[in-house]
Amino acid sequence: ELEITDAIQWMIDNGYKVGAEVIEGWWKDTGKPDDILEANRLILEDIERNVDGAKVVDEASQISGRVKIGKGSEIINSKIVGPVIIGNKVKVVDSYIGPFTSLSDRVEIKKTEIEYSVVLENTKIENIKRRMQKCLIGKGVRIYRSKDLP
């Protein structure tokens, strides 16, 4: 694991300008996955509802609470319960997106339930039979249920 002091020393050794700032307000250490999920929760506590950017929210879908949906996103036959933030060009089909979930850009969620999670861009999650909770999912990940037995 790279410590912040190692990164600062590397910057100094390589001629980068290093400085310090005093910040006001809250700060959260995000060195571990649970810390990232907690920081996500704290940030989502303050979001405002805005679904105007959505390309499609069909009549079968339900959106409740503080939900922000990015441009070009599609919500089809799904339930979204805020606080939730959905990035740009996201597709959610036949799914449940629960509180304190952040979906980055170009994520696809199909036939899946997920809550209290962060999903990074270009990820596809499909046909998961159990609700996913407290997940931190990286960029470009594919998660799906195999049709074959293990």
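Taken over segment 1-17, the criterion of being among the small types (Gly, Ala, Ser) and either touching a residue at least 12 places away in the same chain (Cβ under 8 Å) or not in a loop (DSSP other than H, G, I, E, B) (or both) is satisfied by Ala7 alone. For segment 84-97, give me each residue that is part of a loop (DSSP other than H, G, I, E, B) and crowded, with 19+ Cβ neighbours inside 10 Å. Passing the criteria: Gly87, Val90, Ser95. Checking Asp52, Asp34, Asp29 one by one, the residue that is modelled with pLDDT under 95 and in contact with a Lys or Arg (Cβ under 8 Å, 6 or more places away or on another chain) is Asp34 and no other.
In segment 124-135, the count of residues that are crowded, with 17+ Cβ neighbours inside 10 Å, β-branched (Val, Ile, Thr), closer than 26 Å to Asp34 by Cβ and under 12 Å from the mean Cα position of the chain (by Cα) is zero.
The set of residues in segment 100-138 being free of Cβ contacts under 8 Å to residues at least 40 places away in the same chain, under 18 Å from Gly70 (Cα atoms) and in a loop (DSSP other than H, G, I, E, B) consists of Ser104, Asp105, Arg106, Val107, Leu120, Glu121, Asn122, Thr123. Of all the criteria given as (1) farther than 19 Å from Asp34 by Cα; (2) among the hydroxyl-bearing types (Ser, Thr, Tyr); (3) buried (at least 16 other Cβ atoms within 10 Å of the Cβ), the one not satisfied by Thr101 is (1). Look at segment 33-45: where a residue is at positive phi and touching a residue at least 60 places away in the same chain (Cβ under 8 Å), no partner that is assigned to a helix (DSSP H, G or I) and of a type in the set (Asp, Glu) sits 6+ places away or on another chain with Cβ atoms under 9 Å.
The values are calculated or read from the model by the stated rules, or taken from the named source; none is laboratory data. For clarity, every value in this text was computed on a predicted model and none was experimentally measured. A quick note on method: Cβ atoms are made from the backbone with ideal geometry, for glycine too, and the neighbour counts reach across all protein chains shown.
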